[in-house]
Amino acid sequence: MWAWILFRISGLILVAYLFVHIVIISQGEVGGPDTLDRLFEMFENPFLAFLDFMLVAAVLYHGLNGVRVILMDFGVGIRNHKAVFWVVMLIAAGLLAWFAMVAAPHVFGSGG
Amino acid sequence: MPEVKLRINRYDPALDGELTGGRRSDRWEEFAVPYEGTITVLEALFSIQEHVDGSLAFRYCCRASICGSCAMYIDGRYRLACQTNATHFNGRTITVAPMPHMPLVKDLVVDMTSFFAKYEYIKPWLMRASQNPEKEIPQSPKDRRKLDMPIDCILCGACYSSCPSVWYEDDYLGPAALLKAYRFEVDSRDEARKERLPRFDNERGVYRCHTITNCSEACPKELNPTEGIQWLKRAAVRRRILGRWK
């Protein structure tokens, strides 16, 4: 049940994020390239970087749990859905760690 | 004599008034039940009814976990009172509550009306289109094995009570009725798909299942209604897209 509840919550978060994303990106059109550059600098703030990290976590959770649900629709892994869930979460954790390693220098270092 | 301690969720409409809007009773009573040898939760309930409080209401029949009458919410899980050994809780107090999300009748007795109405709706019996043979209808061992899981359902209602889709959609058929539909649809002898499929191929039927799997977690017989519902979904989609009935 909790996998399903989290699935719904992460889905809502991603829908909400989509709107924020569209607003931010459209600033390039509305306010010009300088506005967009200023906004991008803002994303180096550690708190926003953390939100970014959580966003990737939500995408990974939602996407990979979605794969599990689709497999169940095809009749795969219904009896051992718990094991499949943890395998999928392991993959998600691995990808998240990889993302953090790649992204960290850009957030905390001079890159960007 | 050793004792088991039970904390029972009590409800008497005459005493506590009618409960509205799915509200539960918050009246709990504790009982210490002496026993010799061993004791099940159902036997402890009998003991309370006989020696302490004759007004305690609960359902039971077979006492051997095949009738499905005594499903309750015991110690935070769906269990049959008759197959739950009360001495297996390390001496801690065992909470005994009626099945959640179902209308209360009295104490541990819940109203199963909608459960059985939906069960009946999917026509839970073998239906034939062709002429029956003179003697029995033959079935291969391979086809018989397909029935092994769904045929063990004892209609206790635990899955139905545990399903979030049932909580929020009064008209959803629920896991037990759909598992029974699966039991007949997967049966090589049944020939009534045209009659039964329209009853579950809709938003009140299989598509309301979101594979939350609470039903398979709840089932005291360790059956897997989700597996049956997913099978029915595939059959329904095959019929809609490919036009194939079987």
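Among the residues in the stretch A:45-60, are any outside any helix (DSSP H, G or I) and away from every other protein chain (no Cβ under 14 Å)? There is at least one residue in the stretch A:45-60 that is outside any helix (DSSP H, G or I) and away from every other protein chain (no Cβ under 14 Å).
Among the conditions (1) surrounded by 11 or more Cβ atoms within 10 Å (Cβ to Cβ); (2) over 21 Å from B:ASN214 (Cβ atoms); (3) in contact (Cβ under 8 Å) with a residue 60 or more places away in the chain, the only one that A:PRO46 does not satisfy is (1). Applying the criterion of being assigned to a loop (DSSP other than H, G, I, E, B) and open to solvent by 60 Å² or more (accessible area, probe 1.4 Å) to the residues of the stretch B:193-220, the residue that is farthest from the other protein chains (Cβ to nearest Cβ) is B:ARG204. Across the stretch B:69-86, the qualifying residues are those that are among the polar types (S, T, N, Q) and part of a loop (DSSP other than H, G, I, E, B), and the one among them that is most open to solvent (accessible area, probe 1.4 Å) is B:SER69.
Restricting attention to the stretch A:60-77, does a residue exist that is in contact (Cβ under 8 Å) with a residue 12 or more places away in the chain and of a type in the set (Val, Ile, Thr)? Yes: one or more hits. Here A:ARG68 clears all of (1) open to solvent by less than 60 Å² (accessible area, probe 1.4 Å); (2) more than 13 Å from every other protein chain (Cβ to nearest Cβ) except the condition numbered (2). Each residue in the stretch B:221-231 was checked for being within 9 Å of chain A (Cβ to nearest Cβ) and part of a helix (DSSP H, G or I), and 4 of them qualify.
Within the stretch A:1-19, the set of residues being over 14 Å from the mean Cα position of the chain (by Cα) and either more than 14 Å from chain B (Cβ to nearest Cβ) or farther than 30 Å from B:VAL166 by Cα (or both) comprises just one member, A:PHE19. It is to be established whether one or more residues within the stretch B:232-243 are in contact (Cβ under 8 Å) with a residue 24 or more places away in the chain and of a type in the set (Val, Ile, Thr). Within the stretch B:232-243 (the criterion being in contact (Cβ under 8 Å) with a residue 24 or more places away in the chain and of a type in the set (Val, Ile, Thr)), the answer is no, since none of the residues qualifies.
What do you reckon, is B:ARG63 touching a helix residue (DSSP H, G or I) at 6+ places or on another chain (Cβ under 6 Å), assigned to a loop (DSSP other than H, G, I, E, B) and free of Cβ contacts under 8 Å to residues at least 24 places away in the same chain?
Yes.
Just one of the listed residues (B:ARG234, B:ARG238, B:ARG189, B:ARG244) is away from chain A (no Cβ under 13 Å) and either modelled with pLDDT of 95 or more or part of a helix (DSSP H, G or I) (or both), and it is B:ARG189.
Is it the case that some residue within the stretch B:17-24 is aliphatic (A, V, I, L, M) and not in a loop (DSSP other than H, G, I, E, B)? No, there is no match, as no residue in the stretch B:17-24 is aliphatic (A, V, I, L, M) and not in a loop (DSSP other than H, G, I, E, B).
For the stretch A:71-83, the tally of residues that are in a helix (DSSP H, G or I), within 11 Å of another protein chain (Cβ to nearest Cβ) and of a type outside the set (Lys, Arg) stands at 4.
The values are calculated or read from the model by the stated rules, or taken from the named source; none is laboratory data. Everything numeric in this text was worked out from a predicted model, so none of it was measured. Don't worry about glycine lacking a Cβ; one is built from the backbone with ideal geometry, like all the others, and counts go over all protein chains shown. Heavy atoms of the whole protein, side chains included, go into the accessibility calculation; ligands, DNA and RNA do not. Shrake-Rupley method; radii C 1.70, N 1.55, O 1.52, S 1.80 Å.
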